[in-house]
Amino acid sequence: MARVEERIDAGFAGSTAADESALPRPRGDLARMPWVSLVIITVLVLVALMAPLIAPHSPTEQSLPDKLRPPAWEAGGSTKHLLGTDVLGRDVLSRLIYGARVSLIVAAVALLAGGGIGLMVGIVSGYLGGRVDSVLMRVVDATLTFPTILIALLLAVSLGQGLQTIAIAITVLIWARFARVVRGEVLAVKARDFVALARVHGCSHLRIMAVHIVPNVLNTFMVLLTLHIGFVIIVEASLSFLGAGIPPPTPSWGQMVADGRSHIASAWWLSVVPGAAIMLVVLAFNLFGDWLRDWLDPRLRQV
Amino acid sequence: MAIAAPVVLDVRGLRAYLYTRWGVVRAVDGVSFALREGETLGLVGESGCGKTMTGLSLVRLLPEPAGRIVEGQILLEGEDLVTKSESEMRHVRGRRVSMILQDPQTSLNPVFTIGDQIVEALRLHHADGERALAVRAEEALRRVKVAAPEQRMRAYPHQMSGGMKQRVVGAIAVAGEPRVLIADEPTTALDVTIQLQYLALLKELQARTRLAMLFITHDFGIVARMCDRVAVMYAGRIVETGPTRTLFRSPRHPYTEALMASVPRMEGSVTRLPSIEGQPPPLHALPAGCRFAPRCAYVDDRCRREYPPIMPVGPAHEAACWRVEPSPSR
Amino acid sequence: MQRFILRRLAQSVLLLFVLALIIFALARVSGNPADLLLREDATQEDRAHLLRALGLDRPVHEQLYLFLSGALRGDLGESIRYRKPATEVFFERLPNTLQLLPLAMVGALVVAIPLGVLAAVYRGTIVDRISGAVAVLGIATPSFWLGIVLIYVFSIKLGLLPSSRMGGPSHYVLPAITLGLFLVAGMMRLVRSSLLEVMGSEFVKLARLKGLSQTVVIWKHCLRNALIPVTTLFGVYFALLITGAIVTETVFAWPGVGRLTYEAVIFRDYPLLQAVILLKGIIVLGVNLGVDIVYAYLDPRVRYA
Amino acid sequence: MRTWSLLALALSGLLVAGELSSADAAADKDTLVIALDTLGAQVMDPIMDTRAPHAHYHAPIWDSLVGFDLENGGIGQGAAERWELASDGKSWTFYLRKGQRFHNGDPVTANDVKFSLERVMSPESISSGAAALRRAVDRIEVVDDLTVRVYTKGVIPQFAASLSRAVFMEGSVMPKKYIETVGARGFRDKPVGSGPWKFVRSVPGDRIEYEAVTYPHWRGTPQFKRLTLLLVPEQSTRLAMVRTGEAAIASIGPEAVKEARAGGMKIVSVPGTMQAVYQFWGLYRPEAKASPLNDVRVREALSLAIDRQQIIDHVMVKEARWPMPFAAFKYSSDMTVPRWEDWARTALRYDPARAKQLLAEAGHGSGFKMTFWNTALPGTPFMVPIGEAVAGFWEKIGVKVEMKTVEWGAFDPMGRGEQKGLVGTASMYRTAGRPEPIPRYATTFVSKGVQHVFGDPQSCPALCVDADKAYEAIVAEKDDAKRTAATNRMIELVAKSWIAVPIVEGMGTWAVNPKSVGYFKPIPGRHEFGDVTERMPRPEAKPWP
C-alpha cells in the first residue's frame, strides 16, 4: 500500500521516483526554460516591490463623480485611469498593483510558515517512521479532511478578517499537504544506501536529516512551493467571495474579483481585470512548477 | 554445426543513437553480424556496452523519443526491418522476431491474469475462438513445463515465482513461432538452479522450432553452454566474433583475452582474479581510434589514432585490432 | 482484508472524536448565535431568555458533555436557526449535493484522462505544455467567477441553460462544470505522471513485443495501471469537492450541504455546524475506506496482500 | 474496462433522477416567483423566526392584528378594524373584522388573538419582539367573539403599533383550535393562517410555495394562482434569473441597479426602509477623556465633512434619500416631520470649509487619528461602501482614519456589555424603518439602553441625565400634543450632540421583469413584499409606465 502512497503524492507533486531505466530525455525541447512563466513571475515580483513608485494613484483615493469609468481604450475611458475605476472611483490599475503586493505577502507568509512546518513534520515523520510516523500521518489525514474554506471562515469570524487571519488559515491547511509529500520523498531517500552508510559512520540522526535528507527533499519542496502559490491566491479569492477575505481598504485581487461580480454586464473590467491577473499568475507559477519538477526529477539526472 | 544452414538475420553496419540532453549517446556504433537458422549467437560485453540496445534495435523498440536507428540494415530473411513502417513492424514482432526480457518480475502486466496475457499474444496469430485460444494457451504453458496450467491461467503474475514467470514470458515469446528469438539476459534475475532448467528449456524450444537465437549476456558460463558462436562487444561495437570454442581457447582481441583471463577456471589454483583497469568509455563521449586503447596492454599510437576495421583471423573468426595479423580467411 | 478495515475504522473513530473536539471549540470561539438573533435594541434580559431557550446558558463543559453523549446516541442536537434536529436538516440537503458531486468528478475525469494521456505520450513537446496549461486553467480560475461568467454567457446571453437552482438535467450542467473544473489539473497531472511511470516499465515492452499497436498498449495495458492511483484519489477529491461545493452552491443557489455549512458558520449555529462537520467527516472517511476497497479490487496485487 | 461502465451508469442514473425531482415552476404565467437573498430560518411558525426582515415568508400566510397604512407606511387597519386606548391608558381594546376565516375553515375569533399573543410570549418562542411583549402585557381578556382587551403594565402609547408588521411581527393571528389539535410540530409542517395565501410546501434552503385563497380577502385577492419565494444567495444569480424570466422579482443592492437597468429590468425602490448612521461609543468613559471626539465642534465638523449627495448619487446610485434626524422617517409618528426635514437639509449639509474651521477652533487643525469600525448588518451589505466613502471624506479634511472592516457577527457582541473594543471609536450602524423613533432612541441614548452612548447608570454625565429625563417624559405621556413636543425635545438633544449622525436614508431595491408582473407600489418603510404580493397585478392588467 505504501507504494501507492508514493504514487498518489507523486500525483500532487508530480515528481516520480520511477525506476532508473525510464526514458532518457530528448535534447532540445524540454531544456528550454519556461520563459513565459519566468517573465510573468519576475514582473509580478517587481510590481509588488515597487508598488508605491509605479502606481499612478493611491489605491484608496476615491473620487466618486468619476466612478465606474471604463478602461482607456473603451468609449468614456480616460488615460488618467488606464484600467478604469471602481464603484468608489478608485483607480483599478493602482489597486491591481498594490493587490499584487498583498497577494504575494499572503502567499509568502502562508507558504513559508505552512511549508516550513510541513517540511519538518514530513522529515521527522518519514525518517523516524514507526509510531511517530503513523500518529503524525493520522493528524495529517485529519487536517486534510477538514474543509479548507470552512477553517478560513471560522478563523476570519473569530480572529477578525485580515491578512494575518488568511495567512494563518492557509498555513493550518497547507502544512498537511507538504508534510505528506515530503514524507514520501524522505522514505524514498532513506531507502538509498548512502543513508545507511552515514549511520555506519556514526552520524547523529539530526546530522543525517540535515545533511543527507534535506538537500534531496528540497527540490520536491521547491516544486510544492510554486504549485501552492496558485492555491493560496485562489483561496483568498474564494474567501473574499464568501465575505471573509481581506477587508477594505486593503486592495486584494480576490476582493476586487468578488466585488466586481455583480457588474459583469455593466462594468466588466471590475472583475475581469483582477480575474485575468489571478489566472495569469497562477498559470505562470504552475507551469514553472511543472517545469521545475521535470527539471529536478531524479530520473532525468542520469542518462 | 552445419555451416550450410541459411542466414536468417543479417545485420550490417547498424548504428542506433540516443539523443539526450547531454549529447548523442552512440549506443550501437556500427554493428554487423549474421545469425543462422537453429544457431545461437552469444552477444557478450560489460554492462553499458550497447548489447541491450542492439537487441532492442532489432525489434525497433528503442526508447521513444530518444532512440533512433541512424544507419545500417537489419535483413530478416532478406527484408530490411529498418525501413519498415510501425504498422508493418507490428506484424513482424511476435510472429517473426520475438524477445525475452531480463527481469521476469516486471515483464508481465500485474493487473491481468497469466491466461489473458498469453491468449492476447495467441489471438494475434490464430483466428480461433476464445475457447480454442484458451486450450492453445494451456498447451503453450505445458510446453514450457509449467505445472497445472489450468489453475495457472487464472493466476496473477505476483502469485508466481520468478522462474515460473520467465517460463510464461518464454511461452509468450514463442507463441507466434518466430524465426528469431532475442534473449536479453533472461536468467540473470533467476537463481542458479532455475537458471539451468530455463536454459535447457530454451535449447529444447530451439531444437523443436529451428528458431535462431541471439543470446545477450555478460556470463561466460552461459555462453559456453548455450552459444554456438560468440560476438564480443565493447563501447558500441563488435570487437571479435567466432566459434565459442575458438574464442575460449585462443582469443585474439586484447579485450576478449582480458575477459577470458578474468573468468574463474575450475582447474588450477585460483589466486587473485585479474581485472581490467579503468572504465569503459562513456558512450556519449567516445575517443577517436580504438575504444579499448586506454585500457589495452598492447596499445601503440596507431591504435589511438585510427579505429581498426574487423579483419578475418581464422575460420569464421574475426577481430578488430591492429595487432592481429591477417591469416588466410576461409 | 478484514484486519485492514477494522484498523481503519478504529482510526476513523479516533479521528472523528478529535474532529468533534476541534469543531466544538472553534465554533464557540467564533461568537454567539444569540447576538445574531437578537434585535439591535434587545436588552440583556432578552439575551438571557434567548440563551436559556437555546440551551446555551449552560456552562461550556456541560454543553460539551451533552454534545458528546448525544453524538454517541446519534442525536447531534437541534439547529438553532431551523429549530429541528441538525441531522434532519443535514440529510434533507445531502442528496442535493450528492447528485452534483459524481457529475463534477466524472466531468473532471472525462477531461483529465485524455489530457493526461496526451501529455504523457507526447511528453516534452508542445502538446504536453498546452494540455498542462489547459488543465491548470481549472486551478487558475476562482470557481465563483467561473460560475458567474458561465451563467452570464449561457443563460442570459445565449439562453441555452437555466441560470441556477435544481430542476431537470439542464440544471446540472453549469454547476457540475464549475465544481469539477478545478479537479482537472490535479487529476491530469497524476494521470500523466503515473502513465509515464507505467510506460517505462518492462511489461510495456513485452506488450509491444507481442505485436500490439501503440494505442492498444497505452489505452489497455498502461492506462489500466495508471488509473489505479486516480481511483484512490477519488477519496481525496471527494473531500475537496464537498468543501469546494460551498462556493458553487452559493452561486447556483443549490440547496446542498456546502451552502448549509456556510450558513452554519455565519449564523454560529453550533449544533448544526457540529453536526455538518461530523457527518461530512464520516462521509469523507467512509468514501476513503470505500475507495481503498475498490482499489484493492482494481489492483490484484493488493487484493491478496 | 469495468471502471468505465460503472461511471457511465452512475452518470445516466443521476440525470434521470434529476429529471423527476421537481417540475420547473418558473416558466408558467400563473406563478409569481420572487428571488430573495434569505429565507431566514425557513420555519413556518411566527414564533420561530427572529429577524423582522425575514417576516416576508410568514406575511403571506398570517394576518397581523394591526395592519399597514398602505399609502405612506406606518400602521393601519389589520385583522382588527379599530382599537382604542382606555381612559386610564392601562388597556387596549381591539375590535376584529367580521367574517375572517382561517385556511382550514375555522372562523377567526378573539380567542385566537388571545391564544396567539400568549403563544408569542411563551418561553418556547424566540421571536425577537417577544421579550418586549412579555414586559408590556399584564393580562389578556376576551370580551366577546370579535373583541379582545389587553391590559398593559403602565401606559405604553406605542403598544398597538407594536402589533403591526410595520413595526415587528409579534401581532400574527394564529389558529387556536388547529394548533391545539395538531400540536406545534404539526402546525409547522402544515401551517394554517388567515392571510391571502395558503401554504403548499417548503423545500429547505431552496423555496417556499403558496397558493392563492379562492375567496376575496380584505388585504386584497391575489391576481396570481401561485406564489413561490426562492432562496438565491448570490445577487448576480438573482439578477440573471429575472433577466431570463425564471423569476419576476429579485432583491438587489444599489450596486446592481445599473446592471439591472442595462438588462431592461424595472427598478422598484421602497423608500425609508433604513437609515445608515455612524455613531461614537463610550465618549463619556474615562479612557476616552483625552479623545478629540469629546469636543462637540469636532463631531459636528466630521458631519459637515461628508458630502451626502455624492454618496446618494454614486455609492447608492440614486437609490437613497436625504436622511431625517436619527431613526426618524417621513412616516414617523409623534414628531413634527416638516420641521425636522428643514433641519436635516441645513444641519447635514456638505461644508468642508466650516468643518476645517471648527477643527481649527477645537485645536485639531492639523487633524488627528481615530478608529472607525466599518460593518454591514444583515440585509444591507451596502453599508460597507458607505463607510468607506465616509472614511474617504474624513481623510480629505485631515483626519487619519484607521478603518477596521468586520463581519456583523463579530461586531455585534462588541456593542454589548462593557464595549471594551469600541470605547472612543466610531462605527457604522443602522436604524430600521419604524414608524416610532422613540423605542430606537431608548436603545442608543438612554442610560439603561443596550448601547448607552451618552452614559451608563454608573456614570451618567449631564447629557445622559437630560436624555433619560426627556425619554421618561415621552413614555408616560398619554396626551398626543405633549408627547410630540417631548419627542421633538429628545430628537433635538440627540441631533445637537452629533454623537449619532444619520448619513443617508436607504431604500429597499428590487429588480422587476415587466413581462412577468404588472406595475405595483411598495409599502414605504417595509423592505419585504410579504404584504404586497396580494396586490401585484398581472403584466397585461397593469403595464409598467
5 angstrom amide H check on D:VAL504, placed H, neighbours 5+ away: D:ALA276
Karplus 3J(HN,Hα) series, Hz, for segment C:58-72 with 6.51 cos²θ - 1.76 cosθ + 1.60 (x for Gly, Pro): 6, x, 4, 5, 5, 4, 5, 4, 4, 4, 5, 5, x, 4, 4
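Scaled to the compact-protein estimate 2.2 N^0.38 Å, what is the alpha-carbon radius of gyration of chain C, rounded to two decimal places?
1.23
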Taking only Cα atoms of chain B, radius of gyration then Dmax in Å: 20.7, 68
Under 5 Å, built H, 5+ apart or other chain: amide partners of D:ARG101: D:VAL108
Partner chain coverage, peptide A:160-170 - average Cβ within 10 angstrom: 1
Rounded to whole Hz, the Karplus (6.51, -1.76, 1.60) HN-Hα couplings of segment B:152-168, x for glycine and proline: 4, 4, 8, 6, 9, x, 6, 8, 10, 6, x, x, 4, 4, 5, 5, 4
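Whole number please: convex hull volume per residue, Cα atoms of segment B:107-177, in Å³.
76 Å³
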Relative contact order %, chain B, counting alpha carbon pairs below 8 Å whose residues are six or more apart: 20 percent
Relative contact order (percent, whole number), segment B:107-177, Cα cutoff 8 Å, 6+ residue spacing: 48 percent
Chain A: relative contact order in percent, alpha carbon pairs under 8 Å with at least 6 residues between: 24 percent
Net dipole in debye of the protein assembly as shown [+1 Lys, Arg Cβ; -1 Asp, Glu Cβ; about Cα centre; nearest 20]: 2540 debye
Amide H contacts of B:GLU71 (H built 1.01 Å from N, under 5 Å, at least 5 apart or other chain): B:ARG15
Dipole-positive endmost among D:ILE249, D:ILE140, D:PRO157 within chain D (Cβ charges, Cα centre): D:ILE249
Computed over the protein assembly as shown, Cα set: Rg, Dmax in Å: 41.2, 147
Per-residue mean of C-beta atoms belonging to partner chains within 10 Å, peptide C:49-59: 2
Rg/Rh for chain D, where both radii come from Cα atoms and Rh is the Kirkwood radius: 1.00
Calculated from backbone phi, Karplus (6.51, -1.76, 1.60) coupling profile of segment B:215-225 in Hz, x at Gly/Pro: 9, 8, 7, 10, 9, 5, x, 5, 4, 4, 7
Positive-pole candidate from D:VAL406, B:ALA319, B:ALA288, dipole of the protein assembly as shown, charges at beta carbon: B:ALA319
Gaussian network model of chain C, Cα within-10 Å springs - most flexible of C:THR97, C:THR87, C:THR215: C:THR215
Per-q log10 I(q)/I(0), chain A, q = 0.08, 0.10 Å⁻¹ (Debye; single scatterer per alpha-carbon; no solvent): -0.44, -0.65
Whole-number Å³ per residue for the convex hull built on Cα positions in segment B:110-246: 128 Å³
Taking N as its residue count, the alpha carbon Rg of segment C:1-137 over 2.2 N^0.38 Å: 1.68
Cross-link partners of D:LYS356 among lysines (Cα-Cα below 21 Å; sequence separation of 8 or more within a chain): D:LYS369, D:LYS396, D:LYS400, D:LYS496
For residues of C:292-301, the mean tally of beta carbons on other chains within 10 Å: 4
Ordering of C:141-153, D:211-223 by packing [mean C-beta count within 10 Å, highest first]: C:141-153, D:211-223
Segment C:144-296 - Kirkwood radius from inverse mean 1/r over Cα pairs (Å): 18.3 Å
Pairwise centroid distance, computed over Cα atoms, of segment D:283-326 with segment A:91-169, Å: 40 Å
Lys pairs under 26 Å by Cα in chain B, provided they are eight or more residues apart or on distinct chains: 6
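What ranking, highest mean first, results for peptides B:223-235, D:525-537, C:69-81 when packing means the other Cβ atoms within 10 Å averaged over each residue?
Per-residue Cβ counts within 10 Å, averaged per peptide and sorted highest first, yield D:525-537, B:223-235, C:69-81.
Each value in this text was obtained by applying a stated rule to the coordinates, not by laboratory testing. Given the structure is predicted, the values throughout are model-derived calculations rather than measurements. Glycine also receives a Cβ, built like all others from the backbone with ideal geometry; neighbour counts cover every protein chain displayed.
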